[in-house]
Amino acid sequence: MQIKSASFVASAAQVDQCPPENKPEFAFIGRSNVGKSSLLNMLVDKKGMAKTSSTPGKTQLINHFIINENWYMVDLPGYGFAKVSREEREAWKKRLDEYLLKRKNLYSVFVLVDARVTPQANDVEMINWLGEKGVPLAIVYTKTDKIKPKEVEENFKLMQDELFRFWTELPPVLFTSAEKKIGREEVLGFIGKYLK
Ligand code: GTP
Ligand code: MG
């Protein structure tokens, strides 16, 4: 798929403040600092469209971007950020769940997972929860440039073992690096199939 245009639309604190549900939407979720905003920028080939930072917790709101005038990319705040209070984290989790369950035009969710780490409980929980609720998803590994391919493979195998405790057939898995621009065609192609 070609990206002809990409621009910021609006930030919302909760689902009922999001733009009208009249266009297909694809959302990017994952632990804080996993590389959601960087991946969005890499996909549209526009540095700085979504704000990134080495300090976790940069994205605080639900950010909509319109692509090719006809579909939305959504950058969501990360989960599992340690430096906010438990109350704040729970309140955000509730708003995130609400967004994921209520947004009628949500075609698919991309759950981003850091390729460098062994399976994390909150990632596994999120993936299983989406499966249980019937929300379409794909798993996207990020930062694959930071470790050896063999290590990426090892972490993915461990994740597979973890997920097979719950899933009989795994959701699609894609491997990316925002830094090295790896996986761009794969993710855009995945979205493109939905848009056909
Ligand atoms: P929050 O909005 O805080 O939840 O973070 P985020 O998931 O949007 O992460 P963000 O895109 O801001 O990236 C976090 C840090 O990781 C930044 O310093 C990025 O430069 C770095 N980063 C993101 N993706 C990659 C990647 O593919 N490779 C490398 N080497 N670094 C990356
Ligand atoms: Mg972000």
Heavy-atom accessible area ranking, 1.4 Å probe, most first, across 65, 164: 164, 65
Solvent accessible area, Å² - residue 167, 1.4 Å probe, full protein context: 40
Heavy-atom accessible surface of the chain: percent carbon and sulfur, 1.4 Å: 49
Sum of -39500 (n - 2.57) over DSSP H runs of 4+, divided by residues of the chain (222 nm, nearest 500): -10500 deg cm²/dmol
Distance from the stretch 55-111 to the stretch 115-160 (C-alpha centre basis), Å: 18
Reach of residue 181 by Cα under 14 Å, taken over aspartates and glutamates that are not fewer than 8 positions away in the same chain: 45, 145
Too-long pairs where the Cα-Cα distance tops 32 Å, listed order kept, from 148/196; 51/196; 94/180; 146/196: 148/196; 94/180; 146/196
Residue-normalised accessible area of the stretch 6-195, expressed per residue, 1.4 Å probe, Å²: 51
Within the chain, percent of DSSP bridges classed antiparallel, to nearest 5: 40
Whole-number D in µm² s⁻¹ for the chain, Kirkwood Cα-pair radius fed into Stokes-Einstein, 25 °C, 0.890 mPa s: 145
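The values are calculated or read from the model by the stated rules, or taken from the named source; none is laboratory data. Not measured: the values here are computed from a predicted model. SASA here: full protein model, heavy atoms, side chains in, ligands and nucleic acids out. Shrake-Rupley method; radii C 1.70, N 1.55, O 1.52, S 1.80 Å.
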